[in-house]
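Presented below is the structure to which this report refers.
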Amino acid sequence: MSKATIHDTPMLDELEKGPWPSFISGFKRLRDEHPSEHINKAVGDLLGQLEHSYETRKGYWKGGTVSVFGYGGGIIPRFSEVGNAFPESKEFHTLRVQPTPGNYYTTDMMNQLADSWEKYGSGLITFHGQTGNIMFIGTDTDRIQHFFDEINDYGWDLGGAGPCVRTAMSCVGAARCEQSCANEHAIHRHLVNEFVDDVHRPALPYKFKFKVSGCPNDCQNAIERADFAVIGTWRDDMKVDQAEVKNFIEAKGRQYIIDNVITRCPTNCMTLSDSDELTVDNSNCVRCMHCLNVMTKALSPGDDKGVSILIGGKRTLKIGDLMGTVVVPFKKLDTAEDYEELVEMAGDIIDFFAENALEHERTGEMIERIGLVNFLEGIDIDVNPHMVSNPRQCSYVRMDGWDEEAEKWFERKAEEASA
Amino acid sequence: MALEDMRSPIESGCPDGFQYMHPTMRKNFGQWKYHEHPRPGVLLHVAHSGDQIWTVKAGTQRILDVYSLRKLTEIGDKFADGYIRFTLRSNIEYMVTDEAKVEPMIKALEDAGFIVGGTANSVAMMSHTQGWLHCDIPGTDASGVVKAMMDELIDEFKQCNMPNRVHITTSCCQINCGGQGDIAINVQHTKPPKINHDLVANVCERPTVVARCPVAAIRPAMVNGKPSLEVDEKKCICCGACFPPCPPMQINDPENSKLAIWVGGNHSNARSKPTFQKLVAAGVPNNPPRWPEATAIVKRILKEYKEGAKDWERINDWIDRIGWPRFFEVTGLPFTKYHIDNWRGARNSLNASTHIRF
């Protein structure tokens, strides 16, 4: 029998109606049926506080300082401002735990995590938070260390919270997607695991996020949300299976392929002949993915795969939304050396960020403040026309170094030609 | 725990995912040929080797109690060889090689109250944040808003017959942790913070707070003989950026913290470059427990998009084609002076042409 305080929750009860699964019903089950008295009581008072928020339209949690032995971050501390009324949930901290790349689990592992969490926590888990962590929601300062020690022993580590390298995210990827042009697993783990110290001990100006998408569909929203976005792509010709093109036209009609594929190409690089042969001007294809998304059988990425890297994406705070900017148009990731270069570049960027960003400034904001060229010089990357939508349009600029800069360009071109 | 019992953490970082991956996916890693969408909520991927894998996707309440989690793992044990994954939007996915298991698994999921769908051109599960349940600065709830809206949008989740996929996001403050979406429902404060001057000096690092303001509206001041901060309310944009570093600058207001609705955020490079969302409606009441006013606007936008957009057009593609005047006309939403941007780069959003649709 539950020993929880049962608070009246008339507003939350409204969220038990309707066909979508109700989190409130789940909370009540923990309060009323779970064998752990600790869980009954904690979730009982959590429901009370949440109802109070619904009635007054205000939040009542405040932060603090809580971590585990040896780390400085990874926990979101929450202390209730109305803890006197709801004492059993007055401490309700969240542990952020790093998932696998692509969020793969076995049911056995899930159950093991649930067992541990029932021993030490509230029984509430989210897969996953917006940064990509498994969120173990609701435990107190005394239990956190025990829970962490237990799951740390069988392979799980905390993610980032605060001004640090954050937990990375990557898409379903090459494990199940024909559009994938990269090994998202390897990229994700090479990057974030190089910086475990920067994940666990927040010491950067502000957060730094890695996200990996296997193709330009960017299912991880990396360009919009990551300081360091890695996007799979290819640079040879896309593959066209002409027999499948004909099958597609047979199934959907000529009008459909004209209206939905040929005319929707952003660079008009496709033509369909009178005999239903599809031709692609690959030198003008920008790898947008639209035609591949529509004709999954007939069209595929090429064989010369690699990644594009965009730096500086972030959400609103403080200067407004920023997309990442192309810093590396194409990089092969085939060999151990390729991965070393990738990780080294990430380290250079994080070092430059740590030294040059203002407090609470994201990488993209720093680049906005100092200019892309200063950033590129700081991390020793040459300018490249792929980095801009268009060149400068205002003549108010001092350019007395033009001849030297032009010479650098021709030298680089000559090097490329001889390579 | 006593200090002598403490042990150093094993800094293992991000674990290897291959150990938890279905053997058929391990075997065909990077070797997939194409996919099909046999029915809503189900994907079929075929590898160059000829191997097939069927994915069944289901929506959940996202904040899972261990009972719901164990129900999901039980279904995975019974039908999916014990392998699962989660999507970016907190849907669960089961992968099986045997087509015969697909229909019984769908039935088991639906019998347990989970919603099969969310694939292809659906209104996907809304991505959301923590809200009143766990955030320290929320203007509204997150899970509750999403539960109430998904109740109303469930058919679009299950049927997958929109012109293209629709990603909806919610955020409980203007930092917008929920992220960019085809439709975003975000808290929008409308009044400057209310300052408890008795607490500022003890709680807030004042230079940090001054630096946090995007429009330099905060300055140090002595108030009632105590060091505090004051806000130039003519400059203040009511963004709430000062509230996290200085909780005595309370921005959340039960009446004046409203919701705003934004459309056209698109993460994909398909067709056009990725786009940020644009403001379409504001002043929407923050009305728990079911937020009917916000839901009504979202449904109105979705109805017009579904009727008006061509195949494969995301919401931003659709509006690009029909133009913003027509968008406001068909949705019945008012166009106000607040829609005209005055933030940095605003000039790029003005129409400097005679390209006008009549």
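The C-alpha atoms of chain A define a longest principal axis, and helix A:242-252 lies at about 60 degrees to it. The alpha carbon centroids of segment B:76-107 and segment A:178-231 are separated by 27 Å.
By the Cβ-Cβ criterion of under 4.7 Å, the unpaired cysteines of chain A are A:C164, A:C177, A:C181, A:C215, A:C265, A:C269, A:C285, A:C288, A:C291, A:C394.
Placing unit charges on the Cβ atoms of the charged side chains and taking the dipole of segment B:138-235 about its Cα centre, the candidate lying farthest along the positive direction among B:T169, B:P220, B:V146 is B:P220.
Ranking A:C288, A:H188, A:V199 by how far each Cα lies toward the positive end of the dipole of the protein assembly as shown (charges on Cβ) leaves A:C288 at the top. Checking the table A:K28/A:K119; A:K62/B:K226; A:K41/B:K78 against a 29 Å threshold on Cα-Cα, which pairs fail? Long pairs (Cα-Cα over 29 Å): A:K41/B:K78.
Here is the link list: A:K211/B:K235; A:K318/B:K191; B:K235/B:K337; A:K332/B:K33; A:K211/A:K305. Which ones come out longer than 25 Å on Cα distance? Each step should come with its number before you reach the end.
Working: A:K211/B:K235 36 Å; A:K318/B:K191 18 Å; B:K235/B:K337 17 Å; A:K332/B:K33 22 Å; A:K211/A:K305 18 Å.
With Cα atoms farther than 25 Å apart: A:K211/B:K235.
Taking the Cα centre of the protein assembly as shown as origin and charging only Cβ (+1 Lys, Arg; -1 Asp, Glu), how large is the dipole, in debye to the nearest 20?
Working: 85 positive and 106 negative charges, 518 e Å.
Dipole of the protein assembly as shown, to the nearest 20 debye: 2480 debye.
Among A:T271, A:T325, a tally of other beta-carbon atoms within 10 Å of each Cβ gives an order, fewest to most, of A:T271, A:T325. Straight distance only, please: which lysines reach the Cα of A:K252 with their own Cα at less than 20 Å, same-chain residues fewer than 8 apart left out? Output for A:K252: A:K297, B:K310.
Add -39500 (n - 2.57) for each DSSP H run of 4 or more in the protein assembly as shown, then divide by its residues: what number comes out at 222 nm, to the nearest 500 deg cm²/dmol? Can you show the working numbers first?
Values: 24 runs with 251 residues, N = 777.
Computed mean residue ellipticity for the protein assembly as shown: -9500 deg cm²/dmol.
Counting only residues at least eight positions apart within a chain, or on another chain, the aspartates and glutamates with an alpha carbon under 16 Å from that of B:K299 are B:D151, B:E152, B:D155, B:E156, B:D182, B:E307, B:E329.
How large is the dipole of segment A:239-300 about the Cα centre if only Lys and Arg carry +1 and Asp and Glu carry -1, each at its Cβ, rounded to the nearest 20 debye? Walk me through the numbers before you get to the answer.
Details: 7 positive and 8 negative charges, 50 e Å.
Charge dipole of segment A:239-300: 240 debye, to the nearest 20.
Normalised by residue number, the volume inside the convex hull of the Cα atoms of the protein assembly as shown is 180 Å³ per residue. Each Lys or Arg adds one and each Asp or Glu takes one away; over the other residues whose Cβ falls under 9 Å from the Cβ of A:F208, this sums to +2.
Starting with the fewest neighbours, write out B:K299, A:K3 ranked by other beta-carbon atoms found within 10 Å of each beta-carbon. Each step should come with its number before you reach the end.
Values: B:K299 14, A:K3 11.
Taking fewest neighbouring Cβ atoms as first place, the list is A:K3, B:K299.
Give the residues of segment A:333-374 whose amide nitrogen is closer than 13 Å to a point set 7 Å from the Cα of A:K408 in the direction of its Cβ. The answer is A:372-374.
With pairing defined as another cysteine C-beta under 4.7 Å, the cysteines of chain B that fail it are B:C14, B:C135, B:C160, B:C172, B:C173, B:C177, B:C213, B:C236, B:C238, B:C239, B:C242. Using a cut-off of under 16 Å, list every residue of segment A:354-395 whose amide N is near the label point 7 Å from the Cα of B:R347 along the Cα-to-beta-carbon line. It comes to A:392-395, nothing else. The A:N390 and B:M222 beta-carbon pair, evaluated with R₀ = 35 Å, returns a calculated FRET efficiency of approximately 0.10.
Laboratory data are not the source of any read-out in this text; all were calculated from the coordinates shown. Worth saying up front: this structure is predicted, and the values here are computed from it rather than measured. For neighbour counting, all protein chains shown are included, and Cβ atoms are generated from backbone atoms with ideal geometry for every residue, glycine included.
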